[in-house]
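The values are calculated or read from the model by the stated rules, or taken from the named source; none is laboratory data. The structure displayed is predicted, hence computed values, not measured ones. With ideal geometry, Cβ positions are generated from the backbone for all residues, glycine too; neighbour counts draw on all protein chains shown.
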Ligand SMILES: Nc1ncnc2c1ncn2[C@@H]1O[C@H](COP(=O)(O)OP(=O)(O)OP(=O)(O)O)[C@@H](O)[C@H]1O
Ligand SMILES: [Mg+2]
């Protein structure tokens, strides 16, 4: 028994092979595929952050897109209006996203749960989008807001290859941090809250604090992903953070497997790459995401991660049991 | 001015009321919130448009066909996509309805591209002047159709055997099952009815607004705001909430700032849920240890 | 000697309904006090009021001389009063071992940042409570189930694991809400053994709600009898057995 968990944690080290192999990726890509690869890293974080709240904490909160937008705009505003170097805008975006997470958790703590939480967080996201559109002085309105990739600490982010390595480091750090959290007593408490909030409190666990922590961590990593998105595209627009973004993120979480870290990576990678083939035709992307989510819900409700779990127990996930 | 605003608010609110009612019909019977409902509204409007403009059918039969088609689509959705996962987690149910709506939106976009479509005016009712208040033909049309529909709906619900059966299922699904009601069929019917009522809203807005595949999203949120305000799950609350939202939008637009019209619904949702989560008529939820 | 838990004049009224009305009693270390009464007597409400889940309309609860009546559930639990739930409170998706580890949450050192950055302190704490949880399961002969999801256990096993989880942090006061309900006669007997062992060996003060009278008589030092929210009798098992008022009220309702 003892040895089984010991070897499990040792075996988990093979996960570091993934970023190691990824290091070589820029050798194989052309500018277009490199651009997509960078987006995969961004969406890995977005999906992971979303998954922590809806998968692990089990709260039906749709504020994820809001955190993404808040991070992107925080980065762009810090860059354009405050003139900060791009690297400095990244942690700022994380903090801004975490603050968004704090606001969303306030709703959950007020006893707003389930569909109510879904609706209020959806309203929160749409409200943010209205804010980006109507406060032109700060956000550039519908013209968008540029973010500078030039200013640097000896490092310009203008090349997609450089960008890839920077994003890879950020993503690895945040994924590792999330894994640490989820495998700790905090991660267990997060799942405990999902399973039975009342019983969780009876063990002396401050459930409100756990809920706030999960939301803020989710906001933090998605906020950072937002900054990466801003740096990636060079300019942020309000429309990037609407309901379409929400369903794309949703699809990634679900296709990967709710509440699973490996699933989040898989879902993000798979669904960033595939729709590129259909993007040229108006509407096809929506049909693609819509149909894929419906099919996954019907035939593989635990996502790609459930396939991995059959291969090895290290991919075991702790989602709702049937 | 005030009366005029109230009137346009009521006319706009009638649409919201209809959407909130259609959401509530689904929610009350299945306890599922239909996050794709805005796209049912959109699909109703688009179908009408196609039938009128591309095929050349008159508006009235065209809209009837669209509504019936949406009813069938709602039933099919319930049977084919919701039924198999009904016992599963809420996230899955919410996602299923979102993605179905998303697919409808994609289909609309594939067919119509990124254009915004105006529909030719189908009827011209002369405006009525009462003192300084102008009642436009469109407002008259919408308000009267919705009023008739609501009267029929609530009459059926409260004074017929079918209505009593529906209320019985609302009270207790287990009880309904025991007295031999086919609850699955009832769920399917409710999805159909919800989609059809949503389509009616689509039909009503089709002649008076510009159509584009994304129009559903904003109506969905208005519907949610109306439901939240009226109290989740209350049919009468949904209607009243819709009317109040319509009026509130007009007031905040006229007296404060026109850009506020767009976000009145969001602010209302957040305010209601933070101050009085059960809305005007909703029941308080008690969690027992 | 001051008592471990002192409940005085505790009342919970739900809009007119007196679910709990002016109940007082004391609990000492190593004592098992049973709370019995017909369905709806207010036993669970008493537990809820003590453990912070129901807001008392009047009264006081002293835990080792500290007033806890308006504390939130997690604070009360942290102060050393823990409870189980009538309907079971295990986390079905977590393994048995992880369930017990959640019971040790408050005793695991390491801040959020220690955990996030994978600092040695947090890693070692994690290993330590994992071992401790395993040892606790071994004591109850449940260690072979350690890696099974709790939702896959039988009803009886779930009850036992819930108790292991609840006592893992060694709370001085334990509230058990019908721990033997739905168990086989053999398992019930085991449960009573466990309860006696906790009070006898560890000196835990235990409040026990239980319907099976013969078990109560065997396990309890003192018994509190409730009906319709009020205390109708109190005493040793022998005294209760011969109390006419109890028989009448109890059998009259049951
Ligand atoms: N949150 C609540 N709101 C309103 N009434 C409540 C609430 N909780 C309990 N009650 C009522 O208080 C009374 C006592 O209930 P309680 O659960 O304490 O009984 P009990 O003695 O534990 O019964 P049982 O043996 O069935 O578990 C019951 O009439 C119950 O309906
Ligand atoms: Mg009880």
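Restricted to region A:233-245, and to residues there that are buried (at least 24 other Cβ atoms within 10 Å of the Cβ) and within 14 Å of chain B (Cβ to nearest Cβ), the residue that is farthest from residue A:122 (Cα to Cα) is A:241. Among all residues of region C:55-75, there is none that is within 16 Å of ligand 2 (Cβ to nearest atom) and assigned by TED's automatic domain parsing to the domain that holds residue C:180. The residues in region B:23-61 that are part of a helix (DSSP H, G or I) and farther than 19 Å from residue B:208 by Cβ can be counted, and the count is 13.
Checked against the criteria, residue C:37 does not count as facing another protein chain (nearest Cβ under 8 Å), crowded, with 22+ Cβ neighbours inside 10 Å, within 16 Å of ligand 1 (Cβ to nearest atom) and at pLDDT below 95. Can you name the residue in region C:42-80 that is within 15 Å of ligand 1 (Cβ to nearest atom) and within 12 Å of chain A (Cβ to nearest Cβ) and is also farthest from the chain's Cα centre (by Cα) among such residues? Checking each candidate, the answer is C:54.
Go through A:227, A:176, A:199 for me and flag whichever is within 14 Å of chain C (Cβ to nearest Cβ), buried (at least 24 other Cβ atoms within 10 Å of the Cβ) and part of a helix (DSSP H, G or I). Walk me through it before giving the result.
Numbers: A:227 fails: within 14 Å of chain C (Cβ to nearest Cβ); A:176 fails: buried (at least 24 other Cβ atoms within 10 Å of the Cβ).
It is A:199.
Looking at this structure, is residue B:121 farther than 21 Å from residue A:296 by Cα, at pLDDT below 85 and at the interface with chain A (Cβ under 8 Å from one of its Cβ atoms)? Against the criterion (farther than 21 Å from residue A:296 by Cα, at pLDDT below 85 and at the interface with chain A (Cβ under 8 Å from one of its Cβ atoms)), residue B:121 does not qualify. Could you tell me whether residue A:68 is buried (at least 23 other Cβ atoms within 10 Å of the Cβ), more than 14 Å from chain B (Cβ to nearest Cβ) and either at pLDDT 95 or above or touching a helix residue (DSSP H, G or I) at 6+ places or on another chain (Cβ under 8 Å) (or both)? Yes: the conditions hold for residue A:68.
Taking residue C:133 as the residue in question, decide whether it is more than 19 Å from residue C:85 (Cβ to Cβ), surrounded by 23 or more Cβ atoms within 10 Å (Cβ to Cβ) and not assigned by TED's automatic domain parsing to the domain that holds residue C:109. So residue C:133 does not fit the description; no.
Considering each of C:119, C:134, C:130 in turn, give the residue that is more than 16 Å from ligand 1 (Cβ to nearest atom), farther than 22 Å from residue C:172 by Cβ, without any contact (Cβ under 8 Å) to a residue 60 or more places away in the chain and more than 9 Å from chain A (Cβ to nearest Cβ).
Residue meeting the stated conditions: C:119.
Scanning region C:85-94 for residues that are under 19 Å from residue C:206 (Cβ atoms) and either assigned to a helix (DSSP H, G or I) or more than 8 Å from chain A (Cβ to nearest Cβ) (or both) yields C:86, C:88.
Have a look at B:261, B:275, B:269 and point out the one that is surrounded by fewer than 19 Cβ atoms within 10 Å (Cβ to Cβ), within 14 Å of another protein chain (Cβ to nearest Cβ) and within 21 Å of residue B:14 (Cβ to Cβ). Can you show your working first?
Details: B:275 fails: within 21 Å of residue B:14 (Cβ to Cβ); B:269 fails: surrounded by fewer than 19 Cβ atoms within 10 Å (Cβ to Cβ).
So the residue among B:261, B:275, B:269 that is surrounded by fewer than 19 Cβ atoms within 10 Å (Cβ to Cβ), within 14 Å of another protein chain (Cβ to nearest Cβ) and within 21 Å of residue B:14 (Cβ to Cβ) is B:261.
Scan region B:204-216 and give yes if some residue there is within 11 Å of another protein chain (Cβ to nearest Cβ) and surrounded by fewer than 24 Cβ atoms within 10 Å (Cβ to Cβ), otherwise no. Looking for residues that are within 11 Å of another protein chain (Cβ to nearest Cβ) and surrounded by fewer than 24 Cβ atoms within 10 Å (Cβ to Cβ), one finds at least one in region B:204-216, hence yes.
Take the residues in region A:131-156 that are assigned to a helix (DSSP H, G or I) and surrounded by 16 or more Cβ atoms within 10 Å (Cβ to Cβ); name whichever of them is nearest to the other protein chains (Cβ to nearest Cβ).
Initially, region A:131-156 is screened for residues assigned to a helix (DSSP H, G or I), giving A:131-134, A:136-139, A:141-143.
Of the ones still in play, those that are also surrounded by 16 or more Cβ atoms within 10 Å (Cβ to Cβ) are A:131-134, A:139.
Numbers: A:131: 9, A:132: 12, A:133: 9, A:134: 5, A:139: 14 Å.
Here the residue is A:134.
Mind telling me which of the residues C:179, C:149 ends up being within 11 Å of another protein chain (Cβ to nearest Cβ) and crowded, with 18+ Cβ neighbours inside 10 Å?
Working: C:179 fails: within 11 Å of another protein chain (Cβ to nearest Cβ).
Answer to the selection: C:149.
Here the condition is being modelled with pLDDT under 90 and out of contact with any helix residue (DSSP H, G or I) (no Cβ under 8 Å at 6 or more places or on another chain); of A:280, A:251, it holds for A:280 alone.
Would it be correct to say that residue C:103 is buried (at least 19 other Cβ atoms within 10 Å of the Cβ), out of contact with any strand residue (DSSP E or B) (no Cβ under 6 Å at 6 or more places or on another chain) and more than 7 Å from chain A (Cβ to nearest Cβ)? Against the criterion (buried (at least 19 other Cβ atoms within 10 Å of the Cβ), out of contact with any strand residue (DSSP E or B) (no Cβ under 6 Å at 6 or more places or on another chain) and more than 7 Å from chain A (Cβ to nearest Cβ)), residue C:103 does not qualify. Taking helices (runs of 4 or more DSSP H) as the structural unit, those lying wholly within region C:158-254 and holding at least 1 residues that are within 16 Å of ligand 2 (Cβ to nearest atom) correspond to C:213-219, C:244-253.
Any chance region A:81-104 includes a residue that's within 14 Å of chain B (Cβ to nearest Cβ), modelled with pLDDT under 95 and within 17 Å of the chain's Cα centre (by Cα)? Looking through region A:81-104, at least one residue is within 14 Å of chain B (Cβ to nearest Cβ), modelled with pLDDT under 95 and within 17 Å of the chain's Cα centre (by Cα).
Considering (1) within 17 Å of residue C:81 (Cα to Cα); (2) away from ligand 2 (no atom under 16 Å from the Cβ); (3) touching a residue at least 24 places away in the same chain (Cβ under 8 Å); (4) not in a loop (DSSP other than H, G, I, E, B), the lone condition that residue C:11 does not fulfil carries the number (1). Of everything listed in (1) out of contact with any strand residue (DSSP E or B) (no Cβ under 7 Å at 6 or more places or on another chain); (2) surrounded by fewer than 24 Cβ atoms within 10 Å (Cβ to Cβ); (3) farther than 22 Å from residue A:193 by Cα, the single unmet condition for residue A:93 is (2).
Of B:75, B:68, which residue is closer than 24 Å to residue B:172 by Cβ, surrounded by fewer than 21 Cβ atoms within 10 Å (Cβ to Cβ), touching a helix residue (DSSP H, G or I) at 6+ places or on another chain (Cβ under 8 Å) and in contact (Cβ under 8 Å) with a residue 24 or more places away in the chain?
Details: B:68 fails: closer than 24 Å to residue B:172 by Cβ.
The match here is B:75.
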